[in-house]
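All of the numbers you see were taken from the coordinates with simple rules; none came from a lab. Predicted model only: the values in this text are computed from it and were never measured. When we count neighbours, we look across all protein chains shown, and the Cβ atoms used for this are built from the backbone with ideal geometry, even at glycine.
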Amino acid sequence: MLPTYDLNKIKFSTGEATFKRAVGLYECGKVTEIGQLGGYYSALVLGAKPYRVSVSARNYKQGHCTCYLGEKDTLCKHMVALAIHAVMDGKPLSDKDKEFSHGIECNGRCGMLNKEELEVFKKSITESMRYIKPYRGPSRTWFANQDSLQEGCNRLSAVISNVQVSRQVADILVKLLLRLERKVSRGGVDDSNGIVGGLAGELVALLEQFARIDPTCIDAFEPLCGKEYCFGWEEPLVRILDERDAEEYNRQLEESENMRSNKKKEAEIIKAFKDKKFIDEDMAGFITDKIVEAMPTLKGAIDKYNMNPKDMIRFQMVSEMCWAERERKGLTFKQISVALKVPQYKLKDIEKSGVKTITVDILERYINFLGLNEWFNSWKKNNTDVYERLSKNKR
Ligand SMILES: [Zn+2]
């Protein structure tokens, strides 16, 4: 008959030291003369001495061994080695088979589980939870009950270890944490040894890592808030959620304050334009940033042609003034060009706000010709830096 247990069963319900020694015996071919009779396996296991060993095909912990421990009815490595032989049928163990879970580990990678993987993951959790059973007495069953808790927690550790990080899994893990909490607080599970509590602590530490790797997982902690749980396992996670919310609140506050001050600035600038007031460096900077923000490709053009949009905007006031005055006087570029003995394109540069090519002596002569000296002097006073840069243009 085939054993009703499998390798995981043996691994998860045997202590690590005993399991590893049993693996050693099995791998070195020390399990010999295997036989089967009446639902029991038997063998001669070559330890310090050869021992006669038997284990049940239904429960590997039921059996006998002629070694010192076996004589005292304690599970020994020889029995476990025979049980491993029964489930492996002499085939070699893989590294994963031999790997003993040391708590829950995080693989640090993000990624969703597909539908089937998700089903398997949930099902494995549910199956493991069956081992986390209430203790109802009598007292002689207490140790077996604690063994079962340990097996359940070992199984959960193995299922959860190295699962990919995602909000989807975070939700499942939070639910698991709440289920464990209910089992211990109201479900009659006796966790006086702290086996379940230990697992819960690891689960919380894993979820903390989830939050660091993928902050969207923090939303999964919501069900842990606003309720008082008995053990306070959830506290580190609630704290993460609180801190995130506080940060978010501050960010929104800052954003709305920025928005208000932007709106105020916009209103000021629009008013300055309407009142034909001078645009200062700060305002010109603000306008330029807004335009570039709305038209990102513009930035490339600005850099490529080495344009100075801030100066252009601030000089615009002079361009407009010249244009308006020329129109009012009914003069053409040609007429002014002849009168001032300057090429027409130089005058056009001024009215096009061409701050890279305008030369100040021609500008001053044009201003003088139009009779705008007084107005222009006050613009100069407010825009000394722009005027200085214009002075550096080659004639
Ligand atoms: Zn033994």
Query raised in the report: Tilt of helix 142-160 relative to the longest C-alpha principal axis of the chain, in degrees (0 to 90, nearest 10)?
Result: 40 degrees
Query - Gap separating the Cα centres of region 340-380 and region 212-262, nearest whole Å - result: 59 Å
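Sort 298-304, 1-7 by packing, meaning the average of other beta carbons within 10 Å per residue, with the highest value first. Please list the in-between numbers first.
Numbers: 298-304: 11.9, 1-7: 14.6.
Answer by packing, highest mean first, reads 1-7, 298-304.
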Query raised in the report: Each residue of region 67-84 in order: what ³J(HN,Hα) in whole Hz does its phi give by Karplus 6.51 cos²θ - 1.76 cosθ + 1.60, θ = phi - 60°, with x for Gly and Pro?
Result: 7, 4, 5, x, 4, 9, 6, 10, 4, 10, 4, 5, 5, 5, 4, 5, 4, 4
Report task. Give the residue from Ala158, Gly201, Ala48 lying farthest towards the positive end of the charge dipole for the chain; charges sit on Cβ (+1 for Lys and Arg, -1 for Asp and Glu) and the dipole is referred to the Cα centre. Result -> Ala158
Query raised in the report: What is the order of Cys76, Cys225, fewest Cβ neighbours within 10 Å to most?
Result: Cys225, Cys76
Query - Length-normalised contact order for region 115-244 - Cα pairs under 8 Å, 6+ apart - percent - result: 25 percent
Query raised in the report: Of Met112, Met79, Met259, Met321, how do they rank once you tally other Cβ atoms within 10 Å and put the fewest first?
Result: Met259, Met112, Met321, Met79
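Which peptide among 264-270, 314-320, 193-199, 99-105 comes first, and what is the full order, when sorted by highest mean count of other Cβ atoms within 10 Å? Numbers along the way, then the final one.
Numbers: 264-270: 13.3, 314-320: 20.9, 193-199: 17.9, 99-105: 15.4.
Final packing ranking: 314-320, 193-199, 99-105, 264-270.
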Report task. Could you tell me whether region 200-268 comes out rounded, prolate or oblate from its Cα gyration tensor? Rule is a ≥ b ≥ c as square roots of the eigenvalues, rounded for a/c under 1.5, then prolate if a/b exceeds b/c, otherwise oblate. Result -> prolate
Report task. In whole angstrom, note down how far apart the Cα centers of region 93-148 and region 175-196 are. Result -> 14 Å
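Magnitude of the Cβ-charge dipole of the chain, K/R +1 and D/E -1, about the Cα centre, nearest 20 debye? Could the numbers behind the result be given before it?
Numbers: 63 positive and 57 negative charges, 231 e Å.
Roughly 1120 debye, rounded to the nearest 20.
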Query raised in the report: Tilt of helix 281-294 relative to the longest C-alpha principal axis of the chain, in degrees (0 to 90, nearest 10)?
Result: 50 degrees
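So, by mean Cβ neighbours within 10 angstrom, what's the order for 230-236, 84-90 with the highest one leading?
Numbers: 230-236: 15.1, 84-90: 18.0.
Packing proxy ranking, top to bottom: 84-90, 230-236.
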**Report entry** Built amide H within the under 5 Å cut-off of Cys110, gap 5+
**Finding:** Val165
Report task. Putting +1 on Lys and Arg Cβ atoms and -1 on Asp and Glu Cβ atoms, find which of Ser185, Leu93, Pro215 reaches farthest to the positive end of the dipole of the chain. Result -> Pro215
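Could you give the dipole magnitude of region 118-192 about its Cα centre, charging the beta-carbon of Lys and Arg +1 and that of Asp and Glu -1, in debye to the nearest 20? Let's see the in-between values first.
On the way: 13 positive and 8 negative charges, 52 e Å.
In debye, rounded to 20, region 118-192 gives about 240.
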Report summary line: For the chain, longest principal axis from Cα atoms; helix 360-370 axis from its Cα atoms; angle between them, nearest 10 degrees, is 50 degrees
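Taking every pair of Cα atoms in region 287-386, average 1/r, invert it to obtain the Kirkwood radius, and report Rg/Rh to two decimals. Display every interim value, and only then the final one.
Working: Rg = 14.8 Å, Rh = 14.6 Å.
Reported Rg/Rh (Cα atoms, Kirkwood Rh): 1.02.
Could you work out the local net charge near Ser13, counting Lys and Arg as +1, Asp and Glu as -1, over the other residues with Cβ closer than 12 Å to its Cβ? All intermediate terms of the calculation are to be shown ahead of the outcome.
Working: positive: Lys9, Lys11, Lys61, Arg155; negative: Asp6, Glu16, Asp147, Glu151.
Taking every other residue near Ser13 into account, the sum is 0.
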Query raised in the report: Convex hull over the alpha-carbon atoms of the chain: what's its volume per residue in Å³?
Result: 231 Å³
Report task. Calculate the dipole size of region 7-98 relative to its Cα centre from +1 charges on Lys and Arg beta carbons and -1 charges on Asp and Glu beta carbons; express the result in debye to the nearest 20. Result -> 140 debye
Query raised in the report: Taking amide H positions as placed 1.01 Å from N in the peptide plane, with prolines and chain starts having none, which residues 5 or more places from Glu105, or on another chain, fall under 5 Å of its amide H?
Result: Ser161, Asn162
Query - Leading residue at positive end of dipole, region 276-391 (Cβ point charges), from Thr384, Ile350, Ile302 - result: Ile350
